[in-house]
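Taking it in order: structure first as structure tokens, then the write-up.
The values are calculated or read from the model by the stated rules, or taken from the named source; none is laboratory data. For clarity, every value in this text was computed on a predicted model and none was experimentally measured. Cβ sites come from the backbone with ideal geometry, for glycine too, and all protein chains shown count toward neighbours.
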Ligand SMILES: *Cc1c(COP(=O)(O)O)cnc(C)c1O
């Protein structure tokens, strides 16, 4: 399910405290750890959960799924070993298998609607392609994602995959998506499901690698607590880290890093959360102004009161900013610190990490590392999330280091592949009509969304 029926986002009633489990979990391989964490939240028999998790990570090229490598003073958590080379595979491979399992039990079909700033789309498509009971419609902002990202999506020719190039920005795509999910009759009629990080199951899969990485780094360094640096767009990835900390993983700092689209870092630095216009950067997956998961975080920050949240979000919808007198729960925030890595800092970081440590980072990862450098501490190792393989962004790499060094066979293979995509206006009605025309087919669409 995407949005809840009142248009809010779903959260678990309770976030479990797992401090007593940490010692036992420390030695677990990735998949076993995933099952231990997920079963606290998922209403599925453990052996089935195990099968879903195992099936989800066979497509990863690293045996550890998400290995952590030392790079100078940092520990880099490589999240890009999945089939589309971005961290979103970790959650979306899982989600594809989870949807399939739920549909087997409940019957019927599912229409998946997604919006992408670049990487979600290909990962989601890869997670559900050729699955018979699902059709997927993915909107991306026309001309605003990289050529490689576009080709990764549009070269998937399976009958159940529909790529929509929307004449607008990512925020337009996300707004259209939320409007459509808010139309309950439409949502029910077509059994709409979500692959965006408004879907709780995505966050659930992402909590796992915070635990896995912290265990590896604590064991390696002897430290008893860690910091994480997270390049941030929609606040999904970092919110998974926030949940890991709430569950009791000893994280002392979550370093939130944005590019020039810095609404989130402004909030954490000055309390100012107001929408600006989207500026294209070298890290397009973070060219976002309205971060949908931020709402989830605000719930905790403002004292876990649904009524307060309703008022805050109402104010935000009307004014395009949060109220300046935001209520704040006791023990004000010290976990999240924020900073901005602009284009110059991004290039400089790619160059320095390559020169000093012979390690290539993609521009999103570079934004995270550039801000992480301001928050290093001798006793608390810094784990930097590497969210994409550098080969997804060869232009940024070439113009930063002056060499054509970023390659991957999966990316090279895209050259010259046939593609399929529909260009479409940025309006709710147009997109709804397209879905109705292509998801329809009477009996195919009966049954409720999981
Ligand atoms: C999606 C994405 C991000 C941002 O993640 P959020 O969960 O939206 O904050 C960062 N880097 C890459 C490569 C991405 O694809």
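Brief remarks on what is shown
- Subset of segment 17-53 (residues that are under 12 Å from residue 249 (Cα atoms) and loosely packed, with under 14 Cβ neighbours inside 10 Å): 17, 19, 20, 23
- The single condition from (1) in contact with a strand residue (DSSP E or B) (Cβ under 8 Å, 6 or more places away or on another chain); (2) in a helix (DSSP H, G or I); (3) within 14 Å of the ligand (Cβ to nearest atom) that residue 245 fails is (3).
- Any hit, segment 223-230, residues being over 28 Å from residue 259 (Cβ atoms), part of a helix (DSSP H, G or I), away from the ligand (no atom under 16 Å from the Cβ) and in contact with a helix residue (DSSP H, G or I) (Cβ under 9 Å, 6 or more places away or on another chain): no
- Applying the set (1) within 16 Å of residue 117 (Cβ to Cβ); (2) within 16 Å of the ligand (Cβ to nearest atom); (3) more than 15 Å from the chain's Cα centre (by Cα); (4) not in a helix (DSSP H, G or I) to residue 254 leaves exactly one unmet item: (1).
- Any hit, segment 181-196, residues being under 19 Å from the mean Cα position of the chain (by Cα) and within 13 Å of the ligand (Cβ to nearest atom): yes
- Residue 5 assigned to a loop (DSSP other than H, G, I, E, B), modelled with pLDDT of 95 or more and surrounded by fewer than 17 Cβ atoms within 10 Å (Cβ to Cβ): no
Yes or no, residue by residue, for (1) at pLDDT 95 or above; (2) more than 25 Å from the chain's Cα centre (by Cα):
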| site | (1), (2) |
| --- | --- |
| 319 | no, yes |
| 322 | no, no |
| 340 | yes, no |
| 346 | yes, no |
| 349 | yes, no |
| 352 | yes, yes |
| 359 | yes, no |
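- Checking the stated criteria, residue 65 turns out to be surrounded by 15 or more Cβ atoms within 10 Å (Cβ to Cβ), away from the ligand (no atom under 16 Å from the Cβ) and on the phi > 0 side of the Ramachandran plot.
- Residue-level analysis places residue 286 among those that are within 16 Å of the ligand (Cβ to nearest atom), in contact with a helix residue (DSSP H, G or I) (Cβ under 7 Å, 6 or more places away or on another chain) and at pLDDT 90 or above.
- Helices (runs of 4 or more DSSP H) fully within segment 52-156 that include at least 2 residues being closer than 21 Å to residue 384 by Cα, in contact with a helix residue (DSSP H, G or I) (Cβ under 7 Å, 6 or more places away or on another chain) and touching a residue at least 60 places away in the same chain (Cβ under 8 Å): 88-106, 119-128.
- For segment 289-319, a residue qualifies if it is without any contact (Cβ under 8 Å) to a residue 60 or more places away in the chain, more than 16 Å from the ligand (Cβ to nearest atom) and assigned to a helix (DSSP H, G or I), and the qualifying residues are 300, 301, 307, 308, 311, 312, 314, 315, 316, 317, 318, 319.
- Selection count where residues are within 16 Å of the ligand (Cβ to nearest atom), outside any strand (DSSP E or B) and touching a strand residue (DSSP E or B) at 6+ places or on another chain (Cβ under 8 Å), scope segment 367-393: 9
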